[in-house]
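The values are calculated or read from the model by the stated rules, or taken from the named source; none is laboratory data. Keep in mind it's a predicted model, so treat the numbers as computed, not measured. In this analysis, Cβ positions are derived from the backbone assuming ideal geometry, glycine residues included, and neighbour counts consider all displayed protein chains.
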Amino acid sequence: MAGGMDIVFEGFDTTADLADGAGVSEQLLPDMENDELVRDVLTRGVDLQQYSRQIEHELQALEGEQLASYEAHEGALVELDAEIHRCDEVLENMEELLASFKTSLGSINQDIQTLQRDSTSMSQQLRNRVAAEKQLGRIVQGVVVAPEAVRMICDGEVNEAYQECLIDVNKKIAYLRVHGRQHRRLRAFGEMQPELERLRLKASSRVREFLLDKTNSLRALSTNAHVVQSSVFLKYRFLNHFLIERHAEAAVEVRDTYIHIMRQYYLDHFGAYQRGLARLERVVADRADVVGAEEPAKLGGLFGSGKAAAAGAASARDRTSVFNLGGRAAVLDADDPRAIVLSVAGEEGSRKPFEELFRSFNLALMDNATAEYEFIMHFFVSPKARQKAAGADMVRMVFEHIFEPSLRSGEQFLRTYLDTTHDALCVLLCVRIVARMAGELQRRRVPVLDAYVNALNMLLWPRFQALLDSHIESVKRLTSSRARSRIDTQPPATVRRYAELASSLLRLNVGYNTHVVALSLARLRAEMQAYLAHVAGGSADRHAALVFLINSYDVLLTVLSENGFGEREEEVSSWKQELSSTVLAFAEAQMEARFGYLKQFVAEAEQQSDMGQISADALSHVATTFNAEWRAHIAAINVAVIQSFSNFRTGTEILHVVLGQLIIYYTRFHSIFDKRFARRRGGSGGGSGPAGGVCQPVGVQNVMVEIKKYRNNF
């Protein structure tokens, strides 16, 4: 069996036990029971001895084959053995090389560690050197001045390049002063300090000469100072800042020179401008222009002068703006922010009221003051000091020294006008101009004119109060004068003057609600009411007096309404109340004159507690009289109202009130009439109407129909 040759029988001795078959079986059975091949042989019943010999022959054959194979390959095996020996030698050499390489690596590792330590040390040294170099570089840069810069400071022309060099030198001076003590042991500081000091003095001298020369150029009246300020001084403002920081005495000299020159510069310019404006003034009012001015005598014909009358009319036309504000308020809303140009105004030849001149002068003053304030802040105060209180104080001090005479000139300009003016509207317009000026200065953040604004107000308000007092006193004088027994039913010029003045004052008080204006106007209104009552009370003609009052009140309210004031205004509501009460009095007077018998009878009859006590004859008499005359009297009332009141609206309202009163009284009479004869109808007589002989009054509806005919007569 070929497969049987690969079987290895462990623990089985073939030479000793082959002869003994029984022993083989005994030996094999326990060990080979589990072997599949043995179990197969045993199962088939094969002879084990024979089988053993067969296996032995196979083994011998196999051994022979192996030996033959070995002998055939002997040479190759010998070569393989020699090759193995050579490999061993090579590996031994490699081992020696690797051992030597390991030793070299250890040495290299030590060298690398040494280099690493040296590198760390060198890096630290480099950092130290860089830090030292940087610090020394700053010190050197802070104290060393380039030769070109020294030559420029000492001999160069003062221009923008000079200013750049001076900025660099100033930084070095500042650095030396700040760090001099900290690095006092450095030789460079000790050597550079005197050199920089000499350079500072030289630069200060040259800058001083330059600034004084430019400042002296402002002395010429034809010089435009603001152009020089923007093109020269502000351009080289660092030069002055250098003097302020490095040479205070020279900076003070430059500042004082500038103050002295600009003080006179502004005084001359504003003085000339003020005199030019004064020549343009148009006088609006004089001492006689008061609300209570005496009415001129109306002379004509043989005793009057037509020429004088024409002159008086011209004078009246020229003085229309004394009490009527008109277009004068436009000065408060002027869109043109420019002041009056004297040359242009002179060519036009136009005259202007003082408020326009006052606005123009103060507009020019405010613009120049704003420009000067900004210039002083940027030129005479260094950037560091500008944020401190000392900087603001310096600006205020310099500004006040420059503008003090110009501001006094502005105050004197106003004071001179106020001493002679009698134009209250102009004074109040100037007050409002000052208020606008104060608001604009606050918007511009220019606080240095606050005292000037307050001074103007202190001049304006007392004069305004004095002028209003003069108007009030003029009305008082009219009230205290002897009233005429016969009056003109048309309102006097005093009424229109008052109405125009009151409207103008109210217009100028809108948005301000100044208590002084409101109080003065209330006083003037009270005096005007007293004056009108005085004139009306002195007349013996009650009808004329009432017509006079109504026409006067109507003129007042018409003027106030034309100026846009309604009943919310105290002035309007007060005069409307006076008008309403007077119209009602006029209606009662008309009733008294035309239907007095009816009014008196109704009043007496309504006081009776028992209607039966009312006389039927009296009722009949009233009814008869009314029936005969009522149409004629209504027509007469209509004619009287038409003749007395030319104002369509006012006349219509008054006619309605009068006829309304008639309806009221006649309705009350009808009620009395009905009640009186209703008792009779309800009595024992059983009558169905008035007793015989009692006149039946015309119906109320008939009267109302008649009244409607006069509704549109105006």
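For the reader, a short list of remarks on this structure follows.
- As a summary of the residue check, residue 548 satisfies the conditions (1) surrounded by fewer than 16 Cβ atoms within 10 Å (Cβ to Cβ); (2) over 27 Å from residue 428 (Cα atoms); (3) among the aromatic types (Phe, Trp, Tyr) except for the one numbered (1).
- Number of the condition not met by residue 385 [criteria: (1) within 21 Å of residue 520 (Cβ to Cβ); (2) in a helix (DSSP H, G or I); (3) at pLDDT below 95]: (1)
- Of everything in the stretch 496-542 that is surrounded by fewer than 17 Cβ atoms within 10 Å (Cβ to Cβ), among the aliphatic types (A, V, I, L, M) and more than 21 Å from residue 424 (Cα to Cα), the residue that is farthest from the chain's Cα centre (by Cα) is 540.
- Selection within the stretch 578-614 - assigned to a loop (DSSP other than H, G, I, E, B) and of a type in the set (Ser, Thr, Tyr): 609
- Selection count, the stretch 625-653, where residues are surrounded by 13 or more Cβ atoms within 10 Å (Cβ to Cβ), of a type in the set (S, T, N, Q) and not in a helix (DSSP H, G or I): 1
- Residue list for the stretch 474-492, filter: within 18 Å of residue 538 (Cβ to Cβ) and modelled with pLDDT of 85 or more: 475, 476, 477, 478, 479, 480, 490, 491, 492
- All positions within the stretch 540-565 that are part of a loop (DSSP other than H, G, I, E, B) and either touching a Ser or Thr at 6+ places or on another chain (Cβ under 6 Å) or of a type in the set (Lys, Arg) (or both): 540, 563
- Top-ranked residue of the stretch 325-373 - restricted to ones that are without any contact (Cβ under 8 Å) to a residue 12 or more places away in the chain and under 29 Å from the mean Cα position of the chain (by Cα), ranked as surrounded by the fewest Cβ atoms within 10 Å (Cβ to Cβ): 335
- Index of the failed condition, residue 610 passing every other in (1) acidic (Asp, Glu); (2) at pLDDT below 85; (3) buried (at least 17 other Cβ atoms within 10 Å of the Cβ): (3)
- Against the list (1) modelled with pLDDT under 85; (2) in a helix (DSSP H, G or I); (3) surrounded by 15 or more Cβ atoms within 10 Å (Cβ to Cβ), the condition residue 656 fails is (1).
- Residue within the stretch 645-656 that is closer than 19 Å to residue 700 by Cβ and assigned by TED's automatic domain parsing to the domain that holds residue 671 present: yes
- Residue pairs whose Cβ atoms lie under 8 Å apart, separated by 6 or more positions or on different chains, with the first residue in the stretch 556-575 and under 21 Å from residue 519 (Cβ atoms) and the second in a loop (DSSP other than H, G, I, E, B), are 560/569; 571/565; 572/565; 572/566; 573/567.
- Pairing each residue of the stretch 237-258 that is over 19 Å from residue 198 (Cβ atoms) and touching a residue at least 24 places away in the same chain (Cβ under 8 Å) with any residue that is outside any helix (DSSP H, G or I) and of a type in the set (Gly, Ala, Ser), provided the two are 6+ apart or on different chains, yields C-beta distances under 8 Å for 241/382; 244/382.
- For the stretch 173-249, the helices (runs of 4 or more DSSP H) that sit wholly inside it and include 3 or more residues that are at pLDDT below 90 and among the aliphatic types (A, V, I, L, M) are 187-216.
- All positions within the stretch 317-339 that are among the aliphatic types (A, V, I, L, M) and modelled with pLDDT under 80: 334
- Restricting 469, 488 to residues that are acidic (Asp, Glu) and not in a loop (DSSP other than H, G, I, E, B) narrows the list to 469.
- Residues of the stretch 419-458 that are under 19 Å from residue 519 (Cα atoms) and surrounded by fewer than 20 Cβ atoms within 10 Å (Cβ to Cβ): 457, 458.
- Apart from one condition, residue 582 fits all of (1) at pLDDT below 90; (2) surrounded by 14 or more Cβ atoms within 10 Å (Cβ to Cβ); the exception is (1).
- Members of the stretch 378-403 that are without any contact (Cβ under 8 Å) to a residue 60 or more places away in the chain and of a type in the set (S, T, N, Q): 387
- Qualifying position, being surrounded by fewer than 22 Cβ atoms within 10 Å (Cβ to Cβ) and over 30 Å from residue 284 (Cβ atoms), among 388, 476: 388
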